[in-house]
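Worksheet: one structure, shown below.
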Amino acid sequence: MLTCKGLELRQGSFSLTADVTFDSGQIIALIGPSGAGKSTLLAAIAGFLKPVAGQISWGTQDLTDLPPGARPMSMLFQDNNLFPHLTAAQNVGLGLRPDLRLSKDEQKTVEAALTDVGLEGLGLRKPSALSGGQQSRVALARVLIAGHPLVLLDEPFSTLGPALKDEMLVLVKDKLIATDKTVLMVTHDPADARRIADQAALVADGFVAAPVKTDVLLDNPPSALAAYLGTVRIS
């Protein structure tokens, strides 16, 4: 269970408050207008932004003052955060050992992770030799292999075409939830939230609302979300 208790974040003149709990083993979409603070919240949870006040905890573990590398989480960014000079297998292997001194068993684990996301036989390719969808799969394999219970997704598939994005969302749901991960996903697309998120939390007007079932939020949106959605009809 991820808890933000009395959390207060500031960046310049922008401020965001959160007093909310996210259930374990769920995919939770963070949805709201551009600039509302969705990515800011993820940055604080990941340890890249220090709160002005409040506490972030995972179960009984206080994460508030821990550096990013000491937190039990993995994060997928929009650019996948792959190292261009490393092969796909090496990029995945970073999830096991940052020094890449992998044992034979660990190398087999990397190969299995690549196979698991549909990249069997492509481990020696560098990111420049992979398509955008394949690069996203490499990043996802690294998250799977790291074994952290919490995964933060900052719109990592937003640059993919509709078919590839849908394919990656299905992979996220199938692979991460199958391993009992808790997933916090920033999205601007309510259709993506409906596609895979168990719950959704509105981020708007400087405040993070408590998550509710995704269909409940999108079928009966509060005024801030209704204004954001406009006349878009979601089937």
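The values are calculated or read from the model by the stated rules, or taken from the named source; none is laboratory data. Just so it is clear, the model here is predicted, and its values are computed rather than measured. Cβ coordinates were reconstructed from backbone atoms using ideal geometry, including for glycine residues, and neighbour counts include every protein chain displayed. SASA here: full protein model, heavy atoms, side chains in, ligands and nucleic acids out. Shrake-Rupley method; radii C 1.70, N 1.55, O 1.52, S 1.80 Å.
Of the residues contained in the range 13-30, one or more are found to be open to solvent by less than 60 Å² (accessible area, probe 1.4 Å), in contact with a Leu (Cβ under 9 Å, 6 or more places away or on another chain) and aromatic (Phe, Trp, Tyr). Restricting attention to the range 90-114, and to residues there that are in contact with a helix residue (DSSP H, G or I) (Cβ under 6 Å, 6 or more places away or on another chain) and more than 24 Å from Thr182 (Cα to Cα), which single residue is surrounded by the most Cβ atoms within 10 Å (Cβ to Cβ)? The residue in question is Leu102. Within the range 50-65, does at least one residue satisfy the condition of being more than 23 Å from Gln199 (Cβ to Cβ), outside any loop (DSSP other than H, G, I, E, B) and among the aliphatic types (A, V, I, L, M)? Within the range 50-65 (the criterion being more than 23 Å from Gln199 (Cβ to Cβ), outside any loop (DSSP other than H, G, I, E, B) and among the aliphatic types (A, V, I, L, M)), the answer is yes, since at least one residue qualifies. Tell me which residues, restricted to the range 115-124, are within 25 Å of the chain's Cα centre (by Cα), surrounded by fewer than 21 Cβ atoms within 10 Å (Cβ to Cβ) and not β-branched (Val, Ile, Thr). Asp116, Gly118, Glu120, Leu122, listed by residue number.
Go through the range 96-119 and give me each residue that's touching a Gly at 6+ places or on another chain (Cβ under 8 Å) and part of a loop (DSSP other than H, G, I, E, B). Residues satisfying the conditions are Leu100, Leu102.
Which residue, of Gly161, Gly206, is surrounded by fewer than 18 Cβ atoms within 10 Å (Cβ to Cβ) and closer than 21 Å to Leu41 by Cα?
Only one candidate qualifies: Gly206.
Looking only at residues that are open to solvent by less than 40 Å² (accessible area, probe 1.4 Å) and under 14 Å from the mean Cα position of the chain (by Cα) in the range 76-87, which one is nearest to Leu160 (Cα to Cα)?
Going through the qualifying residues, I end up with Asn80.
Scanning the range 31-46 for residues that are under 14 Å from the mean Cα position of the chain (by Cα) and either open to solvent by less than 40 Å² (accessible area, probe 1.4 Å) or of a type in the set (Lys, Arg) (or both) gives Ile31, Lys38, Thr40, Leu41, Leu42, Ala43, Ala44, Ile45, Ala46.
Please determine whether any residue of the range 53-66 is small (Gly, Ala, Ser), free of Cβ contacts under 8 Å to residues at least 12 places away in the same chain and surrounded by 12 or more Cβ atoms within 10 Å (Cβ to Cβ).
Looking for residues that are small (Gly, Ala, Ser), free of Cβ contacts under 8 Å to residues at least 12 places away in the same chain and surrounded by 12 or more Cβ atoms within 10 Å (Cβ to Cβ), one finds none in the range 53-66, hence no.
In the range 126-226, which helices (runs of 4 or more DSSP H) lie fully inside it and hold 2 or more residues that are closer than 22 Å to Asp116 by Cα and not basic (Lys, Arg)? In the range 126-226, the matching helices (runs of 4 or more DSSP H) lie at 132-146, 162-171.
Is there any pair linking a residue in the range 1-24 that is closer than 20 Å to Asp65 by Cβ and part of a strand (DSSP E or B) to one that is open to solvent by less than 10 Å² (accessible area, probe 1.4 Å) and among the aromatic types (Phe, Trp, Tyr), with Cβ under 6 Å and at least six apart or on different chains, and which? Here the result reads Leu2/Phe22, each pair linking the range 1-24 to a residue that is open to solvent by less than 10 Å² (accessible area, probe 1.4 Å) and among the aromatic types (Phe, Trp, Tyr).
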